[in-house]
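**Q** Okay, here's the structure, questions in a sec.
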Amino acid sequence: MKAMGFDVITIFPEIFHAYLGESILKRAIQRRLLDVRVYNLRDFTTGKHRTVDDYPYGGGSGMVLKIEPVYNALNSIKGDGAERTVVLLSPQGKTYNQNMAETFSTSSKRILFICGRYEGIDERVRSFVDEEVSIGDYVLTGGELAALVIIDSVSRLMQGVLGDDESAKEESFTWGILDYPHYTRPSEFMGMRVPDILLSGNHKEIWRWRRTEAIRRTLQKRPDLLRKARLNEEDYRILKGLCPDEHKNIQNTHNMEVENE
Ligand code: ADE
């Protein structure tokens with residue numbers, strides 16, 4: 001099986017070593033399912049001060065990441081000839097979601113992240129970039145957390161990264177809806193009981209209960225997700241039982257989408 005490959009250009013490599021050195025991602029790297037190479041932008045500077053940023057032309061506050069070290073880093077990394085998608089992380093990018101995670105996870109190319117800093121990066125860097133991605137409508141101090149969010153969410157979709165019993169395919173967000181409620185021992189805590197069905201051992205009924213609760217939660221908390229979700233016949237039946245009006249709206253929206261395809 002081919003490993004999922006990521007390259008990261010950053011001025012804070014330690015952030016990556018800390019996060020990738022723990023838990024599931026650490027195990028995936030050890031098992032060679034995941035290959036993350038982190039490059040320190042400072043190693044691609046020329047002057048003796050190893051300067052990565054400079055004052056903005058036109059004045060104003062804050063520093064701007066320089067183009068030359070980024071260009072040198074890209075050239076050096078691309079020297080191995082591997083195919084790559086170059087992704088600039090910035091709040092101006094396309095908003096990241098589970099569909100993008102799935103697309104990245106099936107890509108045969110390595111993904112190379114350029115982590116910007118919040119003050120900005122020389123605009124001309126964008127001419128070397130294939131995609132610009134944001135992880136949400138808020139401003140982070142840099143792209144490092146965004147890169148880790150993407151590496152984490154893509155990696156867990158790769159076969160073998162999660163154990164069989166934690167397979168990402170089981171997670172309801174992969175169908176576009178919220179997860180069902182989870183419980184573990186004790187079966188009663190301060191008067192709060194675990195639903196009897198989960199103690200029944202009836203796997204078919206448990207599955208149906210979980211699916212119903214996942215749909216119920218999505219209806220309550222994120223009805224917008226249901227309009228885009230991948231629902232099957234059984235799901236429509238569950239939805240009809242929970243909320244007949246919403247069921248009609250959602251089925252109409254889906255039918256319209258199918259007709260437009
Ligand atoms: N850098 C700063 N803010 C960001 C965001 N929201 N997404 C991706 N990169 C960023």
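The values are calculated or read from the model by the stated rules, or taken from the named source; none is laboratory data. All values derive from a computational prediction rather than experimental measurement. Virtual Cβ from ideal backbone geometry, glycine too; neighbours counted across all protein chains shown. Note: areas computed on protein heavy atoms with side chains; ligands, DNA, RNA excluded. Shrake-Rupley method; radii C 1.70, N 1.55, O 1.52, S 1.80 Å.
To keep it simple, each residue is scored yes or no on (1) polar (S, T, N, Q); (2) more than 27 Å from the chain's Cα centre (by Cα).
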position: Phe44; (1), (2): no, yes
position: Val52; (1), (2): no, yes
position: Asn72; (1), (2): yes, yes
position: Ala82; (1), (2): no, no
position: Val86; (1), (2): no, no
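**Q** Moving on to the next point. Please go through segment 117-133 and give me each residue that is part of a strand (DSSP E or B) and more than 10 Å from the ligand (Cβ to nearest atom), ordered by number. Break it down stepwise before answering.
**A** From segment 117-133, those part of a strand (DSSP E or B) are 117, 121, 131-133; that's our starting set.
The answer is Glu131, and nothing else.
**Q** To continue, here is another question. Let me spell it out: the conditions are (1) more than 14 Å from the ligand (Cβ to nearest atom); (2) in a strand (DSSP E or B); (3) buried (at least 22 other Cβ atoms within 10 Å of the Cβ), and Val86 meets all of them except one. Which number is the exception?
**A** Single failed check for Val86: (3).
**Q** Looking for something more than 16 Å from the ligand (Cβ to nearest atom) and either within 17 Å of the chain's Cα centre (by Cα) or in contact (Cβ under 8 Å) with a residue 12 or more places away in the chain (or both) - is there at least one such residue anywhere in segment 134-146?
**A** Step one: filter segment 134-146 for residues more than 16 Å from the ligand (Cβ to nearest atom), giving none.
Looking for residues that are more than 16 Å from the ligand (Cβ to nearest atom) and either within 17 Å of the chain's Cα centre (by Cα) or in contact (Cβ under 8 Å) with a residue 12 or more places away in the chain (or both), one finds none in segment 134-146, hence no.
**Q** A follow-up question, please. Give segment 203-235 a look and list any residue that's part of a loop (DSSP other than H, G, I, E, B) and open to solvent by less than 70 Å² (accessible area, probe 1.4 Å), or say none. Steps first, answer last, please.
**A** First, the residues of segment 203-235 that are part of a loop (DSSP other than H, G, I, E, B): 222, 229-232.
Scanning segment 203-235 gives Ala229, Leu231.
**Q** In segment 101-116, is there at least one residue being near the ligand (Cβ under 10 Å from one of its atoms), part of a loop (DSSP other than H, G, I, E, B) and open to solvent by less than 60 Å² (accessible area, probe 1.4 Å)?
**A** Yes, that holds for at least one residue.
**Q** Answer yes if at least one residue in segment 214-223 is among the hydroxyl-bearing types (Ser, Thr, Tyr) and in contact (Cβ under 8 Å) with a residue 40 or more places away in the chain, and no otherwise. Give the steps one after another, and end with the answer.
**A** Let us first name the residues in segment 214-223 that are among the hydroxyl-bearing types (Ser, Thr, Tyr), namely 218.
Going one step further and asking which of them are in contact (Cβ under 8 Å) with a residue 40 or more places away in the chain, we end up with 218.
Among the residues of segment 214-223, at least one is among the hydroxyl-bearing types (Ser, Thr, Tyr) and in contact (Cβ under 8 Å) with a residue 40 or more places away in the chain, which makes the answer yes.
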